[in-house]
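Participant: One structure, pasted below without further comment.
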Amino acid sequence: MTAGSMIIIGLTGSIGMGKSETAKMFARLGVPVFDADATVRQMQAPGGVALPKIEETFPGVVKDGHLDRDALGKIVFGDPSAKKKLESIIHPLVADRRIEFFNRAEAEGAKMVVLDVPLLFETGGNKAAHKVVVVSAPPEIQRDRVLKRDGMTEEKFEQILASQMPDDDKRARADYVIESNFGLDHAFRQVEQIVRDLEAET
């Protein structure tokens, strides 16, 4: 996977750390952002390219052209083999979209791009990045943010945490760490500094 002379920034962070807000900050500064989660949602939406294969692999989870996420979640959550089957459908499609994104951004003259990927380290996506930015906050703030989400429980939160690389390990592997617990303005200044640093390298 190449992106010519563009700097590829891998953006990641555990659940509730503020990664999505940070991605918006890069976009505000004119840096093209590839949102892996949004891409997956698009592929699984009505008419999405992933739906036929998902229905073939997990019969009954697509109803009237709509993916029943709860039904799929019950099959995949806690079943490593089912999860791998789903990933074998989704990951190649996401990779194709990512290459299209790179090509389009390069054609438009972008100096840098952001890969917004929740499980960047866990899936090896950091190998495609020149720099890695990790968004982080103290555990108690993370817990408070996540448990305020609709449908979130302590048990589900703990299961998600167990599936993600510990925050300390992510911070240790990062080129930059965005501290998201001091407010949006503070985080935005950190993002501005990263963009300035990387612009100086191009």
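Every number in this text was worked out from the coordinates using simple rules, so none of it is lab data. Note that the structure is a prediction, hence the values are computed from the model and not measured. Here the Cβ is made from the backbone with ideal geometry for all residues, glycine too, and neighbour counts use every protein chain on show.
Participant: Suppose we filter the range 58-88 for residues that are in contact (Cβ under 8 Å) with a residue 24 or more places away in the chain and within 18 Å of Thr123 (Cα to Cα); how many remain?
Facilitator: Counting residues in the range 58-88 that are in contact (Cβ under 8 Å) with a residue 24 or more places away in the chain and within 18 Å of Thr123 (Cα to Cα) gives 5.
Residue-by-condition table, conditions (1) surrounded by fewer than 17 Cβ atoms within 10 Å (Cβ to Cβ); (2) under 17 Å from the mean Cα position of the chain (by Cα); (3) over 22 Å from Val33 (Cα atoms):
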site	(1), (2), (3)
Pro138	yes, no, yes
Asp167	no, yes, yes
Asn181	yes, no, yes
Phe188	no, no, no
Leu198	no, no, no
Thr202	yes, no, no
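Participant: I would also like to ask the following. Among the residues of the range 33-43 satisfying the criterion of being in contact with an Asp or Glu (Cβ under 8 Å, 6 or more places away or on another chain) and outside any strand (DSSP E or B), which is surrounded by the most Cβ atoms within 10 Å (Cβ to Cβ)?
Facilitator: Filtering first and then ranking leaves Ala36.
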